[in-house]
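The values are calculated or read from the model by the stated rules, or taken from the named source; none is laboratory data. In this text the structure is predicted, and so the values were computed from the model without any measurement. Because the Cβ atoms are built from the backbone with ideal geometry, glycine has one as well, and the counts that use them run over all protein chains shown.
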Amino acid sequence: MQQPTTRAAGPPGAVRGWLDALAVVLAGLVAMAAVAALGLWLAGADDLPDGGFPAVLAATLALAVGGTVELDGGAGDFAAVGAGISAMPLSVSVVGAVAMAEVFLRQLRFRAVAGGGELLGRIGRTLLLWVLALVLLTLGARHGFVVPLGGDLAQSIGGALGLTPEVGFRADGPTTVGIGLAWLLVVFAVTFAVSRRAPLPPALVRYQFAVRPPAFALWLVLLAYLAIGAVAGVLTAVVHGNPRQTLAVVLLALPDLVWLAFGIGLGATWHGRLVGGLGLPVPKPLSAVLRTPGGGPATIDLGALAEQDARSWWLLPLAAVLLLAAAFLAARRAPRTVRLWRHAVRFALATAVTVLLVGLWTRVDADYGLSVLGVGLGQGGLGDLLGAVLGGGNPLAGLGGGSLTLRPVLWTAVPLAAGWGLLTGALGALLATRVRHRGEVPADAE
């Protein structure tokens, strides 16, 4: 007699799928919020008036997924404030991406392949919940507060005239939701390109050895830069003092600095400008290059940094050595039957894509302007808020406004990266011919 089949305990398949998607979204939000909250606390954002810390935290998460934050306010016809921030705190972004990828992959563990329909369903449910989370995030990333006019006399006069300066900020909804959705798609693409634990549809299994070895190797290069930068940041905090702001930069914007150094080491160029104060303890050579006489545009490249500090030349051999090591690792993880020129081309493409993403992620646009008639808003209020979101002090103290821009020259950076990848890919593959490749059985093994 046939025994009736028993079904494993647990929620139904449809409910389980939505619970898995919810776990991925919550993992990313919780991880990002934890890192951002600690970084903002170290930067002094907990001192914002009117309980603005939760809103600043939400605004930081919106920036971390590629959104923008707008600041505005005024005091009737007496003053007007305009500002905007578009800069990714990449420490927060990376932690959130890794957390989401890890939870997503754990739900698919012990599987070598997966159906395309199943994967699309999982990704689609996660994207839908992620959009909902981004909408809630933009609603929470808004706050307003009154800016103090100065002493008691100024407050009395302002009250008598009905002059109550107010400053507020809000995350731009369409930009945050749209770019945040694209951000998660990039996270999924990188996850499947890098991790061997990610099951692929049967039709795509044949391409994994062409994509995953170089992608994984270059991911290790980016992690190596993060490790070097973290050690340098901790040593700076211990030796040179000012530990709170230094550690705040590590927790909010470490990849922004070290991945910029990676691109510059390869010969890439960024254009930027710094007018006014930022409050961030960025490396002195970078700050000196950005702050040009007259506030004009500056070119950030290896030569410009070396003029300020000759030790910047070490960025070139560091990038070369790490790329060569990555190329060797990529060739070793690939089958021995792959020809040398294929290794070189694949590694060149992977390096070009990596530098393209680094360039897009390290863009910064922060403009803050004041138009004031009889009222000074440089101290406190907007300045403190902007400094908190950017991870530093008040950039408007004693100023009428300012701006910070940093933009890569991608049309030269990407071809340069491809050339570096082609050269190191060929050398790495040549070195790997003398070692045993992953999964290869020795000839004398029985």
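Would you say I123 is within 24 Å of L260 (Cα to Cα), touching a helix residue (DSSP H, G or I) at 6+ places or on another chain (Cβ under 7 Å) and not aromatic (F, W, Y)? Judged against the criteria, I123 is not a match. Among the residues here, L290 does not qualify as under 25 Å from A224 (Cα atoms), under 23 Å from the mean Cα position of the chain (by Cα) and either surrounded by fewer than 19 Cβ atoms within 10 Å (Cβ to Cβ) or not hydroxyl-bearing (S, T, Y) (or both).
When you look at G73, is it crowded, with 19+ Cβ neighbours inside 10 Å, over 29 Å from N242 (Cβ atoms) and at pLDDT 90 or above, yes or no? Against the criterion (crowded, with 19+ Cβ neighbours inside 10 Å, over 29 Å from N242 (Cβ atoms) and at pLDDT 90 or above), G73 does not qualify. Taking the residues in the range 18-52 that are at pLDDT 95 or above and touching a Phe, Trp or Tyr at 6+ places or on another chain (Cβ under 6 Å) as candidates, determine which candidate is surrounded by the fewest Cβ atoms within 10 Å (Cβ to Cβ). The extreme case among them is V25. Quick check: anything in the range 193-204 closer than 25 Å to T126 by Cα, assigned to a helix (DSSP H, G or I), of a type in the set (S, T, N, Q) and modelled with pLDDT of 90 or more? Checked against the condition, which is being closer than 25 Å to T126 by Cα, assigned to a helix (DSSP H, G or I), of a type in the set (S, T, N, Q) and modelled with pLDDT of 90 or more, the range 193-204 yields no hits at all. Checked against (1) surrounded by 17 or more Cβ atoms within 10 Å (Cβ to Cβ); (2) modelled with pLDDT of 60 or more, N394 meets all criteria but (2).
Taking first residues from the range 231-255 that are among the β-branched types (V, I, T) and partners that are modelled with pLDDT of 90 or more and surrounded by fewer than 19 Cβ atoms within 10 Å (Cβ to Cβ), the Cβ contacts under 7 Å between residues at least 6 apart in sequence or on separate chains come to V250/A230.
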